[in-house]
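Read the structure below first, then the notes.
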Amino acid sequence: MELGLDVRNVDSHAVVDVKGEIDVYTAPKLREKLIELVSEGSYNVVVNLEGVDFLDSTGLGVLVGALKRVKAHDGSLALVCTQDKILKIFKITGLTKVFPIHASVEEAAGGAA
Amino acid sequence: MGIVRLAIGSLARSSGLDEERVDDMRIAVSEACTNAVLTNEETGTGEPVTISWVRHPNGIEIEVRDRGAPPESQPDALDSQGFSSRLVMSTALLQELADELQVEAAPERGTLVRLTFRIDEDTVT
């Protein structure tokens, strides 16, 4: 089960486009990429979940971990997600109150950090 | 894990559940499997995680079993920064997505998680 990760820069934000399924076996790859971005000095990050087919608590844990890391540098982590099945996971776990969730990368990167 | 989700998805669809319930079942079973796999890794057991299911006329019962040792104590609900632990989030998902959740844990036998998804007039397409 492969997880696709592409990184690009939009308005000084590091945007990670994720494709595939994020579970206990693929989540470490996302975690490593987010750690790498922060260690390189990218503290304003957008994770684009529009290409994600599946997300569970391991993926949520990775995103929470990344949020803590950027916050330690006064940074930000925003999500892009319009899929109801993924938004449902954030709602059940209360994480809609924790992550800014946007409808597009442009909206996520264009807003205030 | 992807193959498990495909199988569960097929089971759910063939039982007449709508797509939202199919997704609920895939996520819930994946959560239970993840917990079992991580428990096995942490306790070093070589026993595989087993998944079984039973179709009833009015529901599907799925059992996920590991043979690892159950956690000795409850993990802290919130970490020092106020975030829920992965296990707490996982439990919230299991409770919300399945119609019924039963957990049986014993030091020598491991942990059994039983998820029930009801099939009734409202959920059948």
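The values are calculated or read from the model by the stated rules, or taken from the named source; none is laboratory data. Please read all numbers here as calculations on a predicted model, not as lab measurements. Glycine gets a Cβ as well: all are built from the backbone with ideal geometry, and neighbour counts include every protein chain shown. These accessible areas exclude ligands, DNA and RNA; they are computed on the full protein's heavy atoms, side chains included. Shrake-Rupley method; radii C 1.70, N 1.55, O 1.52, S 1.80 Å.
Nearest 5 percent is fine: what portion of the DSSP beta bridges confined to chain A is antiparallel?
Bridges in chain A are about 35 percent antiparallel.
Which order do you get for A:Glu2, A:Glu106 if you rank them by accessible area with a 1.4 Å probe, largest at the top?
A:Glu2, A:Glu106
For the pairing of chain A with chain B, what total accessible surface becomes buried, with a 1.4 angstrom probe, in square angstrom to the nearest 100?
1900 Å²
What is the distance in Å between the Cα centroid of the range B:1-68 and that of the range A:1-40?
Their Cα centres are 27 Å away from one another.
Nearest 5 is fine: what % of DSSP beta bridges in the protein assembly as shown come out antiparallel, could you say?
70 percent
In a Gaussian network model over chain B where Cα atoms closer than 10 Å are linked, find which of B:Val37, B:Val22, B:Val88 has the largest mean-square fluctuation.
Maximum fluctuation in the GNM of chain B, among the listed residues, is at B:Val88.
How do B:40-48, B:109-117, A:95-103 rank on mean C-beta neighbours within 10 Å, highest first?
B:109-117, A:95-103, B:40-48
How shielded is A:46-54 by partner chains, expressed as the average number of their Cβ atoms within 10 Å of its Cβ atoms?
Mean partner-chain Cβ count within 10 Å for A:46-54: 1.
Can you pull the accessible area of B:Ser15 for me, 1.4 Å probe, Å² to the nearest 10?
Spelled out: B:Ser15, probe radius 1.4 Å, area about 20 Å².
Can you check what the net charge comes to around B:Arg65, using other residues whose Cβ is under 15 Å from the Cβ of B:Arg65 (Lys, Arg +1; Asp, Glu -1)?
Taking every other residue near B:Arg65 into account, the sum is -4.
Compute, for B:Asp120, the solvent-accessible surface of its heavy atoms (probe 1.4 Å) with the complete set of protein chains present, and express it in square angstrom to the nearest 10.
70 Å²
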